[in-house]
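The values are calculated or read from the model by the stated rules, or taken from the named source; none is laboratory data. Please read these numbers as outputs of a predicted model, since none were measured by experiment. Because the Cβ atoms are built from the backbone with ideal geometry, glycine has one as well, and the counts that use them run over all protein chains shown. Accessible surface areas use protein heavy atoms only, side chains included; no ligands, DNA or RNA. Shrake-Rupley method; radii C 1.70, N 1.55, O 1.52, S 1.80 Å.
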Amino acid sequence: MQGETRLQAPTQTGRRAQHDPPLVRYGLIFLAIGAITILIIIPIVNVFYQAFAEGIETYFKNLFSDPDTRHAILLTLTVAPVAVVLNILFGIGAAWAISRFRFPGRTLLTTLIDLPFAVSPVVAGLMFVLLFGLQGYFGEWLREHGYKVIFATPGLILATTFVTLPFVARELIPVMEAIGADEEIAGVSLGANGWQIFWRITLPNIKWGLLYGVILCNARAMGEFGAVYVVSGHIAGQTDTMPLRVEKTVSGIQ
C-alpha cells in the first residue's frame, strides 16, 4: 500500500501542476466577462432602454403607424428568409462536396466561401452596382429586357446572400468531415437512393450544425447594413430595410 501511495503521489502532483494559478484563471474569466459586458450586454440593454423610454404603447405606435417603417419591416422579412434559404442550399451542397470528395478546384471553392469575410460589405455592394447597375457590365441587357436588380429587391437579395455566404457552409464542413461517410456508404450498399441517404442519414447527423449556421446566417441577414446601403439607394418606402430605416430614424432623415 505504501508503494502504491508513493507511485500515485507524483501523478497527482503532476496533475495539479498543469492547472494555471488561481489568479490567472480568475483574471481571464473576469476579462472575458468584462469584454462580453462592454461589447454585448451594455449595448443591448441600452437599445431596449432607449426603445421603451417613452413606454411600450409609444414604441408600438412608432413601429406600426409609419408606412415607411412597416414597409421596411416587410422588406426585411422578405429578403432575409430568401437569403437564408439560398445559403442553406449552397452550404449543404458545398459542405458535402468539400467533405466527401477530392477534386480540382476544391481549395479554390473553400477560399471563395471565405471571401465575404475578407471583403468589406460596402465593396461587395459596389461590386454588384458595377455588374448590374445601368452602367454596369450586365446593365444594358437588363434594361433592354425590363429587369431591375440595383435599387430593387433582387439587388438586396443578392447583396445579403453574398455577405452571409460563409455561415452555413463553414458550420457544416467540419461537422461532415468529423462524421465521415461510413454511414452513407452503408446506406448505398443497402440499396438506399440519394434522397433517402440525405433525409435519413446525412440530415439527422448535421441538424445541429445546420441549425447553428441558419441562426448566424439569419442574424447577419436581418442586420446587414453596408452592402444593402449601396445597392438599395436607401429609398424610403421602397428599398429601405430595417437597419437602413433605423439609421434614418436615429439621424432624423425621412
By a straight-distance test (C-alpha under 22 Å), which lysines pair with Lys61 as possible cross-link partners, with residues fewer than eight away in the same chain excluded?
-> Lys248
Percent of accessible area on the chain owned by carbon and sulfur, 1.4 Å probe?
-> 68
Most mobile listed residue (Asp20, Asp240, Asp68) in the chain, GNM with C-alpha springs under 10 Å = Asp20
Rounded to the nearest 20 Debye, what is the dipole magnitude of the chain about its Cα centre when Lys and Arg each give +1 and Asp and Glu each give -1 at the C-beta?
-> 480
Across Gly91, Gly105, Gly209, the residue with the highest GNM fluctuation in the chain (Cα network, 10 Å cutoff) is Gly105
Give the Rg/Rh ratio for the range 87-151, taking Rg as the radius of gyration of the Cα atoms and Rh as the Kirkwood radius, to two decimals.
-> 1.13
Whole-angstrom Cα spans of the range 138-254 along principal axes, big to small | 62, 39, 18
Accessible area per residue of the chain at 1.4 Å probe, in Å²?
-> 65
Cβ-placed point charges (K, R +1; D, E -1), dipole of the range 95-185 about Cα centre in debye, nearest 20 | 300
May I ask you to derive the FRET efficiency for Thr249 and Leu203 from their Cβ-Cβ distance with R0 = 51 Å, giving the value to the nearest 0.05?
-> 0.80
How high is the relative contact order of the chain, given as a whole-number percent (alpha carbon pairs under 8 Å, six or more residues apart)?
-> 28
What do you reckon, how do Glu57, Glu247 stack up by accessible area (1.4 Å probe), largest on top?
-> Glu57, Glu247
At 1.4 Å probe size, with no ligands or nucleic acids counted, give the accessible surface of Ser65 in Å², nearest ten.
-> 70
Just name one of Val188, Leu77, Ile113: the one whose Cα is farthest towards the positive end of the charge dipole of the range 59-205 (beta-carbon charges, Lys/Arg +1, Asp/Glu -1).
-> Leu77
Solvent-accessible surface (1.4 angstrom probe) belonging to Phe138, in square angstrom, nearest 10 | 80
Which of Ala83, Ala178, Ala227 moves the most in a Gaussian network model of the chain with Cα springs under 10 Å?
-> Ala178
Using every Cα-Cα pair within the range 16-110, state what percent have a distance larger than 19 Å.
-> 73
Just one of (1) 88, 58, 32; (2) 52, 45, 40; (3) 46, 40, 40 is Cα extents along the principal axes in Å calculated from these coordinates, so which is it?
-> (1)
